[in-house]
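First the structure, in the form of structure tokens, and then the observations on it.
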Amino acid sequence: MKKLFNIFKNIKFSEEKEIEEKIYEDDFLKIVRTMSLNQVTDFYDQDELEIVFLLQGSAEIEYDNGKIIKLEKGDSIVIRPNEIHRVKWQERALWLCIFKKVGNI
């Protein structure tokens with residue numbers, strides 16, 4: 001039997017860091033739940049296609065060209081491979097991030 005995972009249960013926030021929980025991973029796909037209070041991230045330059053869902057809270061994604069996307073509960077965005085970005089601001093954010101791995105796009 002498969003393990004049941006409820007995205008809205010056992011939510012934990014930390015002042016020190018984002019908390020990531022891997023829900024699923026195989027050779028092609030990775031699914032992660034991330035819980036963030038108010039952390040700002042470094043810029044990411046990742047090889048994977050990432051689809052991001054903001055399930056709770058609010059946030060801003062900033063790209064290296066200065067473009068900022070404001071997100072609120074229920075919003076989703078697609079981040080293409082090597083689109084350099086970071087989380088500029090977030091407040092009690094609950095993210096669901098789906099990564100399609102390199103060579104499988």
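Where a number appears in this text, it was derived from the coordinates with a stated rule and is not lab data. Bear in mind that the values here come from a model prediction, so they are computed numbers and not experimental data. With ideal geometry, Cβ positions are generated from the backbone for all residues, glycine too; neighbour counts draw on all protein chains shown.
Miscellaneous remarks
- Residue match in the range 48-63 (condition: over 20 Å from Tyr24 (Cβ atoms), among the small types (Gly, Ala, Ser) and either touching a helix residue (DSSP H, G or I) at 6+ places or on another chain (Cβ under 9 Å) or surrounded by 16 or more Cβ atoms within 10 Å (Cβ to Cβ) (or both)): yes
- Which numbered condition Trp89 fails, given (1) in contact with a Ser or Thr (Cβ under 9 Å, 6 or more places away or on another chain); (2) part of a loop (DSSP other than H, G, I, E, B); (3) among the aromatic types (Phe, Trp, Tyr): (2)
- Residue check for Asp75: surrounded by fewer than 13 Cβ atoms within 10 Å (Cβ to Cβ) and either touching a Phe, Trp or Tyr at 6+ places or on another chain (Cβ under 7 Å) or without any contact (Cβ under 8 Å) to a residue 60 or more places away in the chain (or both): no
- Per this entry, Gln39 is not counted among residues that are surrounded by fewer than 16 Cβ atoms within 10 Å (Cβ to Cβ) and under 20 Å from Phe99 (Cβ atoms).
- Yes/no for Arg86 being under 19 Å from Glu18 (Cα atoms), surrounded by 14 or more Cβ atoms within 10 Å (Cβ to Cβ) and free of Cβ contacts under 8 Å to residues at least 60 places away in the same chain: yes
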